[in-house]
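These notes are about the structure you will find just below.
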Amino acid sequence: MQVSSNKIVILGTGGTIAGTAAARGDHVGYTAAQLGVAELVASVPALADVPLVAEQVAQLDSKDMDHATWRALALRVAHWLADTQVQGIVVTHGTDTLEETAWFLQQVLQPSKPVVLACAMRPATALVADGPQNLLDAVSVARHPGASGVVAVCAGAIHGAREVRKSHTYRLDAFDSGDAGPIGYVEQGGLRLLRGWPRPLPPQAALLARDAHEWPRVDIVSSHAGADARLVELLVADGTRGLIVAATGNGTVHKALEAALARAQQGGTRVLRATRCAQGRIIASADAAFADADDLSPVKARVSLMLSLGD
Ligand code: SIN
């Protein structure tokens, strides 16, 4: 592979994009993370002319993503970002936890170069696989002058790390960006931008210096009909450092759960409300008992709270 100052690095982590099925028409009964990243690159003839490096960082079904893999991935991304010959980075990833990884990488790295997550809804063996086009589109984004920050590319749409959310279980166009809408679209290798790239803030990278098993534990509880104090009490007794409550509507919490969370907070556990709603944000009120995560989903709020506890 060639090397130049507009080098693109493709880091493989597994997912359906690297998955295989016994039957070409099977979009569900496949095994994720079977093909190596070099094979994915080789399946896209248009990438032959792109100066790139492919590296396998992990090989997993992203439902099984863990903090050790996140740390390893972030360190490799940071390594390549520091290489002046690298223009941008693509990470191949499963769709199921892609939005969490995107938010984690954005928070710990705050990259001024593009870090583009690529994925697929169909395995590589499908009759009409979506992975090769998604990978090519992701490389187009990584090569785009002025692109920056962590984004995801799926079905021709570019989503920012903060907003991106898997919103469909099966369709090829499985992601959306809620009220904000996508950053733009990839069309025939060109970009049609609708709004700005994620803006870099100071990175929250302290946890990268520590083994993942030392990272502060943060759990998610849900406010729902029939909710009670039990889960919160068990988690606090088990030493959790933070609790995200997946709250109803504009951040409201079942009174039984709220009482337990208030006791947890008084005892030193950090509590943060994130809305269960797929769209919108929590509009803050001065008398709220617990802080809120604005527009972050519960799984992304968990990442943010864990990183802030590690600082
Ligand atoms: C995964 O998330 O690794 C499997 C599912 C997918 O990529 O669509």
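The values are calculated or read from the model by the stated rules, or taken from the named source; none is laboratory data. Because the structure is a prediction, the values reported are computed rather than measured. All Cβ positions, glycine included, derive from the backbone under ideal geometry; neighbour counts span all protein chains shown. We work out accessible area using only protein heavy atoms, side chains counted, and drop any ligands, DNA or RNA first. Shrake-Rupley method; radii C 1.70, N 1.55, O 1.52, S 1.80 Å.
A simple rule links phi to the HN-Hα coupling: the Karplus curve 6.51 cos²θ - 1.76 cosθ + 1.60 with θ = phi - 60°, which for the stretch 296-311 gives 6, 5, x, 5, 6, 4, 4, 4, 4, 5, 4, 5, 6, 5, x, 6 Hz, with x for Gly and Pro.
Once you divide the Cα radius of gyration of the chain by 2.2 N^0.38 Å, the number left is 1.02. Only one residue of Ala259, Gly280, Ala237 has its Cα farthest out toward the positive end of the dipole of the stretch 216-310, where Lys and Arg carry +1 and Asp and Glu -1 on Cβ, and that residue is Ala237.
The amide H of Ser222, built 1.01 Å from its N in the peptide plane, has Ala246 as neighbours under 5 Å, considering only residues 5 or more places off or on other chains. Between Ser308 and Tyr170, what is the FRET efficiency for a Förster distance of 35 Å, r being their Cβ-Cβ separation, to the nearest 0.05? Once the sixth-power term is evaluated, E becomes 0.50. Around the Cα centre of the stretch 135-286, unit charges on the Cβ atoms of Lys, Arg, Asp and Glu (plus for the first two, minus for the last two) sum to a dipole of about 260 debye.
Could you check which residue among Gly94, Gly268, Gly251 shows the biggest mean-square fluctuation in a GNM of the chain with a 10 Å Cα cutoff? Evaluated over the chain, the most mobile residue of the options is Gly268.
Working note: Cα atoms of the stretch 66-192, range along each principal axis, descending, whole Å: 38, 33, 33. Residues whose amide H comes within less than 5 Å of that of Arg273, counting only those at least five positions distant or on another chain, are Val245, Ala291, Asp292, Ala293 (H built at 1.01 Å from N in the peptide plane).
Placing +1 on each Lys and Arg Cβ and -1 on each Asp and Glu Cβ, with no other charges, gives the chain a dipole about its Cα centre of roughly 340 debye. Bridgeable aspartates and glutamates around Lys166 (alpha carbons under 12 Å apart, same-chain partners fewer than 8 residues away excluded): Asp96, Glu99, Glu100, Asp176. For a bin width of 5 Å, list the pair-distance distribution of the stretch 202-311 built from all Cα-Cα distances, rounded to whole %. Per 5 Å bin, starting at 0, the Cα pair percentages come out as 2, 13, 23, 24, 19, 11, 5, 1, 0.
Using amide H atoms built in the peptide plane, which far-off residues or other-chain residues are under 5 Å from Ile158 H to H? Placed amide hydrogens put Ile183, Gly184, Tyr185, Val186 under 5 Å from Ile158. Here the gap between Glu39 and Arg217, fully extended at 0.36 nm per residue and compared with their Cα-Cα distance, gives a gain of 60.4 nm. Express in whole angstrom the spacing between the alpha-carbon centres of the stretch 242-261 and the stretch 11-61. So the separation of the two Cα centres works out to 40 Å. Note on the chain: with a GNM built from Cα contacts shorter than 10 Å, the maximum mean-square fluctuation among Pro200, Pro298, Pro132 falls on Pro200. Tally Lys and Arg at +1 and Asp and Glu at -1 over the other residues with C-beta under 13 Å from the C-beta of Arg195: what net charge comes out? Net local charge, Arg195 excluded: +1.
Among Leu261, Leu231, Leu136, the largest mean-square fluctuation in a Gaussian network model of the chain (Cα springs under 10 Å) belongs to Leu231.
Beta bridges from DSSP with both residues in the chain: antiparallel share about 30 percent, rounded to the nearest 5. How much of the accessible area of the stretch 1-156, probe 1.4 Å, is carbon plus sulfur, in whole percent? Whole-percent figure for carbon plus sulfur exposure: 53. The charge dipole of the stretch 216-310, taken about its Cα centre with unit charges on the Cβ atoms of Lys, Arg (+1), Asp and Glu (-1) only, comes to about 160 debye.
Where Lys and Arg each count +1 and Asp and Glu each count -1, what net charge lies around Leu11 among other residues with Cβ under 14 Å from its Cβ?
Taking every other residue near Leu11 into account, the sum is +2.
By the Stokes-Einstein formula, at 1.306 mPa s and 10 °C, the stretch 13-109 with its Kirkwood radius over alpha-carbon pairs has D equal to 110 µm²/s.
Per residue, the accessible area of the chain comes to 43 Å², computed with a 1.4 Å probe over protein heavy atoms only. Within the stretch 93-181, list the trypsin sites (Lys or Arg not before Pro) lying in a DSSP loop whose Cβ has at most 12 other Cβ atoms in a 10 Å radius. Passing sites in the stretch 93-181 are Arg171.
Modelled spin labels at Asn6 and Ala289, positioned 7 Å past Cα toward Cβ, are 5.7 nm from each other.
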